[in-house]
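Here the structure comes first, spelled out in structure tokens, and everything after it is commentary.
The values are calculated or read from the model by the stated rules, or taken from the named source; none is laboratory data. Since the model is a prediction, treat every value here as computed from it, not as a measurement. Here the Cβ positions follow ideal geometry from the backbone for every residue, glycine too, while neighbour counts run over all protein chains shown.
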Amino acid sequence: MSYKNHLLALGLLLSLSSCFDDLDDATEATVIAPLSPTDSNNPNPFSGVMAPIEIMPYASISTNRYCIDLQVWDIPNDRREPVKTTDNIQAAIDWAVAEGYGEICLPAGHYLIGKYGNDIYQAGLVLESNTAFLLDQNAVIEMAPNDKWNYCAIAVRGKSNVVISGGTLLGDRDGHEYTPRTSDGATAHDEGHLICLEGESEFVTVENVTLGKANGDGILMVGSPNGSAEQLLRAIEIRRNNFSDNRRQGISLVGSSEVLIENNEIHHTNGIPPQFGIDLEGAGRLNENVTIRTNYFHNNRGGDIVNTDGKNILVEDNILLQGDDSQYIDGPIVYWKNADWTIRNNSITMRTVSVNNWNGIIMYSNDNPKTNPATTFIYNNTLNNCGMYMYKGADLEITDNFMDNGHLAFKEMTNLTLENNAVDHPSECWAYRFLEVSGSATGNTYNGAPFDIPLQDTTPWDGCWIN
């Protein structure tokens, strides 16, 4: 995934004025050692609060249930013989589907899977339409160590009405062999994923699963290339899962629509860039109509949520907490100026400075004009020990946010609305910063007192910005 704009953003950030220069230089922290996927440095604040989600298969999924008989199918469940385990679990699933079973359950055990797919792909399990694959809470499916660039432990390709629920999925990052790719000698090997949702799949639910130690992503969603809205990967629900110690991303959205990501804990993503909890990056495809709600993010090396191009994205009621033993590279929430979204009612906390400074929400930009006329709305968020910085963009409404030891900083922005924001910080120059900014402002405060920001619609204004 491309992060060319990252270097441009860093260059601009280095040119910030003396109030930013007072900070210690950001240095890159040591990558955290992988944890057990069931461990967490911070207890999930949503655990025990939300009512458990019941397995509610779609109407087209038969309630006839078949629990795989390990002896009948000769399936090892003691972490050995991955090829045999893969083939025989797949045969059991395929038989059950052919016999009209909708719910297929896998008993407790530790299943080592993976077999040759092609020279760069290690194959796992594949699910068909109208199937609920239900793992016992003590069932673990683990990809055997391999040397392939790509793998999918469980794949859903162009299917409808699929549920994956329960148990644990593990990748092979602890034992992976990084052999050079024959085409170019590269060794990134960042496409090893636990769940792959691909093509024009629709009505897929992933819930109550622990997804850890993937060489790439916990879940990768890739829609049909250059597909229309009707051809997108769509109607996806990802809820109450625990994403831990995945190497590239917790969740990647690369062309998807009507997606709900809710009540998950996404943490300790680290290893190879971008290293975000959730990444919306279409790469020529369309991401639209996505809700990211009541999730708990912490200790993600790159950042928590990045939106490069998504349209009509809602991010609400999430907790984004940088662990005291980690350091962000990009920051908690990052986006590009043509992204279209609403960010509301989130709690964002930074404990150590990122490469992008103390910015809890940052908009990357460049010298190209903004082509998306939509306005980004950021309201009712609480930012602790961090603030917001946007530059070379337009069409932004920031209202009713509270920044404790934070700031609002804008450079070369038009059509900016600032209303009823409260910034507490020892330095007034740090708290509010403007360079060539036009728009309107009212009702904002600094350390509890009214703070006048004389923005105008037609005349750019500079305020407390020293080059």
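In this entry, residue 370 is excluded by the filter for residues that are out of contact with any helix residue (DSSP H, G or I) (no Cβ under 8 Å at 6 or more places or on another chain), in contact (Cβ under 8 Å) with a residue 40 or more places away in the chain and charged (D, E, K, R).
If I ask for residues that are at pLDDT 95 or above, outside any strand (DSSP E or B) and polar (S, T, N, Q), which ones from the stretch 309-355 would you list? 318, 345, 346 - these are the residues of the stretch 309-355 that are at pLDDT 95 or above, outside any strand (DSSP E or B) and polar (S, T, N, Q). Tallying residues that are in contact with a Phe, Trp or Tyr (Cβ under 6 Å, 6 or more places away or on another chain) and on the phi < 0 side of the Ramachandran plot within the stretch 395-415 yields 7.
Against the test of being modelled with pLDDT under 95, closer than 26 Å to residue 271 by Cα and crowded, with 24+ Cβ neighbours inside 10 Å, the options 216, 223 yield a single qualifying residue, 223. Give the stretch 439-459 a look and list any residue that's in a loop (DSSP other than H, G, I, E, B) and in contact (Cβ under 8 Å) with a residue 12 or more places away in the chain, or say none. Scanning the stretch 439-459 gives 443, 444, 447, 448, 451, 453, 454, 455, 456, 457, 458, 459. Taking the stretch 305-320 as the range and being surrounded by 24 or more Cβ atoms within 10 Å (Cβ to Cβ) and touching an Asp or Glu at 6+ places or on another chain (Cβ under 9 Å) as the test, the residues that pass are 305, 306, 307, 310, 313, 318, 320. Annotation note: Cβ proximity below 7 Å between a residue of the stretch 138-167 that is at positive phi and among the polar types (S, T, N, Q) and a residue that is in a loop (DSSP other than H, G, I, E, B) and at pLDDT below 95 (sequence gap 6+ or interchain) occurs for 161/58; 161/60; 161/61. Taking residue 364, is it without any contact (Cβ under 8 Å) to a residue 60 or more places away in the chain, of a type in the set (Phe, Trp, Tyr) and in the same structural domain as residue 446 (by TED's automatic domain parsing)? Against the criterion (without any contact (Cβ under 8 Å) to a residue 60 or more places away in the chain, of a type in the set (Phe, Trp, Tyr) and in the same structural domain as residue 446 (by TED's automatic domain parsing)), residue 364 does not qualify.
Looking across 191, 103, 177, 142, one residue alone is among the charged types (D, E, K, R) and in contact with a Gly (Cβ under 7 Å, 6 or more places away or on another chain). It is 191. Residue 184 meets each of the listed conditions (1) modelled with pLDDT under 95; (2) in a strand (DSSP E or B) apart from (2). The residue that is surrounded by the fewest Cβ atoms within 10 Å (Cβ to Cβ), among those in the stretch 64-102 that are over 13 Å from residue 141 (Cβ atoms) and of a type in the set (Val, Ile, Thr), is 72. Annotation note: of 193, 189, the sole residue that is free of Cβ contacts under 8 Å to residues at least 60 places away in the same chain, touching a Cys at 6+ places or on another chain (Cβ under 8 Å) and assigned by TED's automatic domain parsing to the domain that holds residue 151 is 193. Within the stretch 395-424, if we keep just the residues that are part of a loop (DSSP other than H, G, I, E, B) and touching a residue at least 24 places away in the same chain (Cβ under 8 Å), the residue that is farthest from residue 461 (Cα to Cα) turns out to be 406. The residue pairs whose first member lies in the stretch 54-81 and is closer than 18 Å to residue 128 by Cβ and among the charged types (D, E, K, R), whose second member is in a loop (DSSP other than H, G, I, E, B) and modelled with pLDDT of 95 or more, and whose beta carbons are closer than 8 Å, counting only pairs six or more residues apart or on different chains, are 65/101; 65/102. The strands (runs of 3 or more DSSP E) found wholly in the stretch 103-176 and carrying at least 1 residues that are of a type in the set (S, T, N, Q) and under 22 Å from the mean Cα position of the chain (by Cα) occupy 150-157, 160-165, 168-170. Among the residues of the stretch 107-119, those that are within 24 Å of residue 148 (Cβ to Cβ) and out of contact with any Lys or Arg (no Cβ under 6 Å at 6 or more places or on another chain) comprise 111, 113, 114, 115, 116, 117, 118, 119.
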